[in-house]
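Just below is one structure, and these are the notes that go with it.
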């Protein structure tokens with residue numbers, strides 16, 4: 001029993017390593033800038049969704065306000081860079097830490113709320129953040145911030161001629177978020193989170209400090225999402241409140257995990273790998289000819305998958321496995 | 001800032017608040033009945049506004065007359081949404097909350113897409129209706145007629161709803177089902193039928209609100225999104241599921257919005273509503289009128 | 001010898017309702033104590049006060065020589081109070097072994113150690129064969145046993161059992177009784193709430209009968225069942241149930 005568990009963990013790690021190497025080789029074959037852009041976004045959303053999944057999937061605190069942390073990562077990086085000349089790498093780290101602190105500060109009142117009250121509070125706080133940034137003149141208000149071009153440099157994390165450095169950073173971020181999840185999944189924290197999600201009263205009776213568990217999940221989740229926001233800002237070289245803190249980001253972080261399998265190790269990656277290319281392709285191929293068709297396809301897919309596969313696409317794999325298991329048992 | 005200006009803005013806030021209550025009450029009704037939050041509620045409002053617009057544009061039916069028609073159409077639509085989507089979402093054994101959120105959210109996106117496809121993203125408005133642009137002046141306070149009539153319709157709708165829930169068989173079936181869905185099956189009430197009618201009724205109420213909103217708001221595919229969040233806040237303030245909590249919640253939201261607009265720049269007027277929501281749930285985690 | 005658990009003049013009021021009035025009980029080390037009484041006697045309330053779900057309105061609770069009156073449940077678990085729930089609260093999306101690991105993690109943060117401990121407890125409680133099954137797939141009697149296993153994994157000094165034997169078939173109940181004895185033989189003190197006297201009386205060393213929120217009688221099971229006050233409290237209750 002113990003062995004099969006350890007085997008599964010090692011197998012997951014091996015699959016992830018193989019996938020990461022394969023993804024790393026992708027640029028050898030993909031020269032098209034448009035496709036490269038899709039790959040970068042897919043990796044980024046996979047990383048974001050993986051991070052969102054820590055709080056909302058494993059710990060069960062459904063947040064539809066993670067755009068706030070994404071935006072904080074983006075704004076911290078760019079404000080420090082354009083106003084004080086701080087290198088984006090430090091800004092990125094600072095943004096992550098700031099987001100984690102804000103997530104924990106918000107956690108104090110928020111984690112007393114249950115169910116829909118909590119979900120709505122997360123939406124509302126992100127909207128407040130958005131409105132404040134839209135009216136904050138020093139931070140560029142609604143016009144946003146254009147990141148000055150200083151030429152290709154890893155130091156300034158800025159590349160004009162090629163998208164590849166961004167690609168590799170997004171890949172690294174995705175691997176990081178996956179690895180953090182993998183690592184935490186088999187730790188005290190991972191077990192505490194799942195216990196809190198399933199039954200907080202029972203968890204408390206077994207010595208789990210429910211409140212601290214939620215705080216830990218929120219901090220890790222917000223930190224990683226803010227790193228993603230900092231990356232996105234550098235990648236776009238331009239930010240404004242709507243384009244880094246809009247509600248659609250909260251949604252786009254949640255959807256891959258929901259489609260792939262919420263609270264699972266592979267769900268977010270799988271969901272992002274399907275959802276993001278599909279979103280981009282429908283937007284550019286169908287979106288142009290008939291406005292709104294991309295939304296129709298996209299929305300219908302969300303309805304169908306959430307109704308037909310409430311545990312996400314990964315449940316297809318585990319279902320197949322369960323079948324084999326039954327066969328093996330009867331044999 | 002004169003007293004006159006303050007009274008003026010409170011009066012407009014009150015009228016708008018009554019309308020917010022009417023927009024939100026369908027959401028509260030459905031939640032109270034079956035613990036489901038309809039994340040496509042804003043889009044229900046949006047199609048009601050379009051329906052009103054097209055009835056006006058093609059058949060020259062004034063919104064005041066078309067309101068009952070729109071409400072009836074939305075009733076059918078709401079019942080169909082329940083039967084085609086929500087009924088199945090309720091059967092989910094795993095991740096039930098998530099399935100409810102995202103199945104209705106997906107529906108919202110589809111509806112926005114359909115609106116863009118068929119109606120284009122252009123902003124529309126109803127230029128010349130009976131009420132549009134007219135105001136009434138009472139003791140030096142100007143009240144726009146559409147909002148005034150809207151507020152009266154809202155009060156009438158809540159009164160009707162009160163009568164309906166307390167005095168009719170269906171209303172009683174609705175109450176019984178929300179209290180114990182298992183037990184009503186034993187006395188021969190078809191749960192699905194009650195739920196479908198509940199969704200119909202909830203949609204009809206937001207339909208009524210949409211018809212009035214169409215008189216003085218721009219109509220475009222994303223219009224629902226801005227009102228949806230206000231509706232959720234309204235319902236949550238009132239205590240999820242409490243129909244009359246939604247009425248009070250709406251009035252509070254309208255007044256808070258008006259007051260915020262007096263002290264903060266107009267672009268920040270929603271901040272007041274959101275801040276009040278957070279404040280209220282931090283003090284009372286189940287809303288103002290929710291049972292603790 | 002000091003008692004392991006002591007409640008001193010505990011009161012609990014809910015609005016106008018008095019659920020516990022001036023309850024003082026002692027549970028000694030190594031005992032199996034039955035907390036019994038008719039419906040509405042205040043057993044569950046007292047149980048929750050001891051487990052730390054809520055603090056009493058008045059009075060104090062002492063565990064292992066320490067005042068724990070205001071200590072939250074999680075911290076009491078760390079001190080050595082384990083409990084089960086009357087309405088089972090399994091972690092439904094987790095496997096049986098993972099359910100138990102959550103409990104084991106109070107004593108260690110090393111996963112290998114927690115998993116070893118969990119396996120040991122599953123062997124002890126007879127659930128080893130079901131280790132990799134989802135908790136939601138267990139039959140009710142197994143869920144009850146999982147509750148006990150989870151609590152045992154926290155290495156409690158005192159195990160609080162809330163109606164773990166109620167609603168089981170006679171065979172299942174016998175297995176349950178054997179398990180409780182085994183737990184005590186492992187050196188763990190047991191305080192069990194039961195509604196049905198017949199099941200617990202042969203098992204417990206001492207019985208405390210609650211009625212209308214007060215301690216009615218306390219003593220050896222054989223004496224308690226013959227006590228006229230207990231008989232009338234229960235008869236009244238039975239009468240009410242059959243009516």
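The values are calculated or read from the model by the stated rules, or taken from the named source; none is laboratory data. Since the structure is predicted, the reported quantities are computational estimates derived from the model, not experimental observations. Reconstructed Cβ throughout: ideal geometry from the backbone, glycine too, with neighbour counts over all protein chains shown.
So the values come out like this:
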read-out	value
Only one of A:113, A:143, A:131 that is within 11 Å of chain B (Cβ to nearest Cβ), at pLDDT below 95 and closer than 22 Å to residue A:78 by Cβ	A:131
Checklist (1) buried (at least 16 other Cβ atoms within 10 Å of the Cβ); (2) touching a strand residue (DSSP E or B) at 6+ places or on another chain (Cβ under 8 Å); (3) farther than 19 Å from residue C:29 by Cα applied to residue C:132, failing item	(1)
Flag if residue A:219 is more than 14 Å from chain B (Cβ to nearest Cβ), in contact with a strand residue (DSSP E or B) (Cβ under 6 Å, 6 or more places away or on another chain) and at pLDDT 90 or above	no
Matching helices (runs of 4 or more DSSP H) fully within the stretch A:173-254 where at least 3 residues are touching a residue at least 12 places away in the same chain (Cβ under 8 Å)	A:188-198, A:210-236, A:241-245
The stretch B:117-149 - residue that is part of a helix (DSSP H, G or I) and under 21 Å from the mean Cα position of the chain (by Cα) and, of those, nearest to residue B:254 (Cα to Cα)	B:147
Any hit, the stretch B:123-143, residues being within 14 Å of chain A (Cβ to nearest Cβ) and out of contact with any strand residue (DSSP E or B) (no Cβ under 6 Å at 6 or more places or on another chain)	no
Within the stretch C:90-127, considering residues that are facing chain A (nearest Cβ under 9 Å) and under 22 Å from residue C:177 (Cα atoms), the one surrounded by the most Cβ atoms within 10 Å (Cβ to Cβ)	C:90
Matching option when the condition is surrounded by 18 or more Cβ atoms within 10 Å (Cβ to Cβ) and within 11 Å of chain A (Cβ to nearest Cβ), among B:117, B:102	B:102
Condition check for residue A:142: under 30 Å from residue B:269 (Cα atoms), in contact (Cβ under 8 Å) with a residue 60 or more places away in the chain and assigned to a helix (DSSP H, G or I)	yes
Criterion violated by residue A:5 - all others in (1) within 14 Å of another protein chain (Cβ to nearest Cβ); (2) within 16 Å of residue A:166 (Cβ to Cβ) satisfied	(2)
Residue list for the stretch C:169-199, restricted to those being crowded, with 21+ Cβ neighbours inside 10 Å and within 18 Å of residue C:46 (Cα to Cα)	C:189, C:190, C:191, C:192, C:193, C:194
Residue satisfying all of: in the stretch B:54-86; in contact (Cβ under 8 Å) with a residue 40 or more places away in the chain and under 18 Å from residue B:113 (Cα atoms); surrounded by the fewest Cβ atoms within 10 Å (Cβ to Cβ) among these	B:77
From the options C:203, C:165, C:146, residue that is touching a strand residue (DSSP E or B) at 6+ places or on another chain (Cβ under 8 Å) and either in a strand (DSSP E or B) or buried (at least 22 other Cβ atoms within 10 Å of the Cβ) (or both)	C:165
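Matching residues to (1) touching a helix residue (DSSP H, G or I) at 6+ places or on another chain (Cβ under 7 Å); (2) within 30 Å of residue A:63 (Cβ to Cβ):
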{"site": "B:40", "(1), (2)": "yes, yes"}
{"site": "B:45", "(1), (2)": "yes, yes"}
{"site": "B:54", "(1), (2)": "no, no"}
{"site": "B:59", "(1), (2)": "no, no"}
{"site": "B:79", "(1), (2)": "yes, no"}
{"site": "B:121", "(1), (2)": "no, yes"}
{"site": "B:132", "(1), (2)": "yes, no"}
